[in-house]
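Following: one structure in structure tokens, then a few remarks.
The values are calculated or read from the model by the stated rules, or taken from the named source; none is laboratory data. This structure is a prediction, so every number in the text was calculated from the model and none was measured. Don't worry about glycine lacking a Cβ; one is built from the backbone with ideal geometry, like all the others, and counts go over all protein chains shown.
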Amino acid sequence: MAHNNEKEIDTRTEEDKAIDAWLPITSDRNAKWWYSTFHNVTAMVGAGVLSLPYAMGPGVIVMLMSWAITFYTIWQMVEMHEMVPGKRFDRYHELGQHAFGEKLGLWVVVPQQIVVDVSSCIIYMVTGGKSLKKFHETVCPDCQPIKLTYFIIIFSSVHFVLSHLPNFNSISFVSLAAAVMSLTYSTVAWATSLGRGIEGRVVSYELRGEKTSDNVFMFLSALGDVAFAYAGHNVVLEIQATIPSTPEKPSKGPMWKGVWVAYIIVAICYLPVAFLGYWAFGNQVEDNILLSLEKPMWLVAAANMFVVVHVIGSYQVFAMPMFDMIETYAVKSIKLKPSTFLRFTVRTTYVALTLFVGMTIPFFGGLMGFFGGFALAPTSYYLPCIIWLIIVKPKRFGFSWWMNWFCIIVGVLLTVLSPIGGMWTLIKQAKNYRFYHDVDPISGCEFKTSALNVSEYFTSLDMTRKSKCQMAFKTKIPGGIITSKLFDELSYCGFNFGESKNLVDSLISKRVNSLMVDATDMDEKFAMMEQTIEDLKKFIDDKNLQIAQLMSKLDLHNSSNITI
């Protein structure tokens with residue numbers, strides 16, 4: 001039961017104790033320090049690691065600085081968990097209420113925490129579905145294509161079961177499996193990228209956009225991708241709440257040990273994937289690095305299943321605080337009786353809602369860029385620093401004071417700028433999207449053409465099908481600069497290569513037939529011209545012969561006159 005390992009004075013009423021013993025965050029405080037390790041790894045090394053190579057173009061410094069800043073702010077939160085004697089801040093909003101006041105603290109923290117938890121669950125829904133889809137396409141390339149929507153539904157079915165586990169410690173086995181999988185698929189990603197890079201293939205590191213504005217928006221979106229990679233702060237206090245604490249052995253000791261190990265694992269996962277992935281693929285890397293990998297096929301398929309297992313755990317870690325928040329409101333504010341039926345209703349409804357939104361807006365990169373800055377930057381980068389300044393009150397203009405203000409400034413910039421880039425990405429991805437259809441905005445691409453080069457033409461078309469049109473592409477076909485209507489039908493095609501392949505092949509066939517007809521027409525015209533030239537030559541020869549005959553007659557006539 002709650003607090004059975006604690007010796008400090010407990011001022012709670014019997015009713016509060018009973019409620020805390022039922023709620024998922026406070027019902028079990030017997031966690032070991034290594035529980036915090038794999039809970040934190042599962043929370044942080046989520047889908048964000050897969051987008052880091054895509055975000056590396058804008059800068060390595062941002063990646064390293066984010067690791068350092070969030071490591072500092074998570075230390076602050078661990079320290080503040082039991083900063084007030086006899087009280088544990090088991091939830092993020094409780095710490096906020098202590099710093100800002102009962103009402104203001106709720107309004108400052110709770111909306112951001114809700115956005116972080118819900119958006120993370122939605123993104124993990126999309127990630128799990130896409131990884132299942134990639135696995136299916138890899139192991140069975142000739143099978144009938146299946147829409148992403150159905151894979152998201154398949155992925156969600158696991159959560160309709162796991163979400164009914166009562167508390168954090170009860171999902172520890174899921175979190176452990178997820179942490180192991182994160183190390184595994186991260187290793188697959190960077191090792192495979194390293195192998196590809198060693199092959200010495202030509203890659204480009206130029207900025208992806210054709211316009212300066214495109215590059216600016218992609219840079220801002222990449223900032224959000226990096227911010228999303230450090231989302232663990234939102235559940236740090238909830239994780240620490242599961243660790244036993246006494247005045248002699250406060251919970252921050254084992255928690256800090258777990259955080260240290262977790263951040264070492266985070267560095268092992270993040271840095272090689274980010275740097276080697278970008279080095280190997282350049283600006284052609286996908287917003288999910290596993291989508292860029294092609295062989296060995298069995299390893300790519302396995303890596304995608306590792307991701308599925310991992311995001312199952314990540315979803316549960318971020319859903320648990322939401323379950324706790326909703327159930328707390330239900331039993332304390334609405335005065336509903338704690339019951340299995342209440343828990344079943346709350347959690348089933350939550351999973352269903354995140355499933356619905358994930359199916360409706362399945363945009364992995366844009367969602368991370370937007371929510372990474374809009375919600376995760378405040379809770380991970382600068383809100384802990386603001387609370388630290390209020391509670392601890394470090395010496396003005398001292399090192400700690402400057403460090404906190406630096407983190408606050410960086411975090412505010414992320415909050416303001418990266419949602420702009422994320423929204424731009426979402427708009428680009430959703431421009432030609434139909435609800436519950438896979439999306440692949442190929443039709444928006446503009447073809448700039450000059451002279452005919454058949455090999456480049458087909459190479460570019462092949463790249464088009466693989467690139468998912470993350471940027472405008474160019475190819476060479478005859479006719480000068482034109483805006484091609486050739487791919488307009490592809491506006492409703494998605495990342496599902498199987499669905500778009502037949503349409504692309506059909507359009508290619510039509511274009512090739514058109515080119516062949518044009519070439520045949522040209523051959524016929526050349527033949528006609530050659531025949532005309534031959535006719536002209538014959539005509540000229542005939543005329544020359546006639547002129548020669550006339551000249552001969554004229555010479556004979558002149559000779560006769562002279563003789564007479």
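If a residue has to be over 15 Å from residue 355 (Cα atoms) and surrounded by fewer than 24 Cβ atoms within 10 Å (Cβ to Cβ) to count, how many in segment 114-131 make the cut? The qualifying residues number 2. Those helices (runs of 4 or more DSSP H) of segment 292-396 in which 1 or more residues are under 19 Å from the mean Cα position of the chain (by Cα), at pLDDT 90 or above and in the same structural domain as residue 148 (by TED's automatic domain parsing) occupy 297-328, 340-360. Residues of segment 129-157 that are aromatic (Phe, Trp, Tyr) and closer than 18 Å to residue 289 by Cα: 135 alone.
When you look at residue 152, is it under 30 Å from residue 77 (Cβ atoms), in contact with a Gly (Cβ under 8 Å, 6 or more places away or on another chain) and either of a type in the set (A, V, I, L, M, F, W, C) or buried (at least 18 other Cβ atoms within 10 Å of the Cβ) (or both), yes or no? Taking the combined requirement at face value, the residue does not satisfy it.
So for segment 151-167 (the condition being among the aromatic types (Phe, Trp, Tyr), more than 14 Å from residue 304 (Cβ to Cβ) and modelled with pLDDT under 85), does at least one residue qualify? So far as segment 151-167 goes, no, none of its residues is among the aromatic types (Phe, Trp, Tyr), more than 14 Å from residue 304 (Cβ to Cβ) and modelled with pLDDT under 85.
Residue selection: residue 179 satisfies the criterion of being touching a helix residue (DSSP H, G or I) at 6+ places or on another chain (Cβ under 6 Å) and among the hydrophobic types (A, V, I, L, M, F, W, C). Taking every residue in segment 128-146 that is in the same structural domain as residue 300 (by TED's automatic domain parsing) and farther than 13 Å from residue 156 by Cβ and pairing it with any residue that is polar (S, T, N, Q) and at pLDDT below 85, at least 6 positions away or on another chain, the pairs with Cβ-Cβ distances below 6 Å are 145/496. Restricting 220, 207 to those that are among the aliphatic types (A, V, I, L, M), modelled with pLDDT under 80 and under 18 Å from the mean Cα position of the chain (by Cα) reduces the list to 220. Considered as a group, the residues in segment 397-418 that are in a helix (DSSP H, G or I) and of a type in the set (Gly, Ala, Ser) include one that is modelled with the lowest pLDDT, and that residue is 418.
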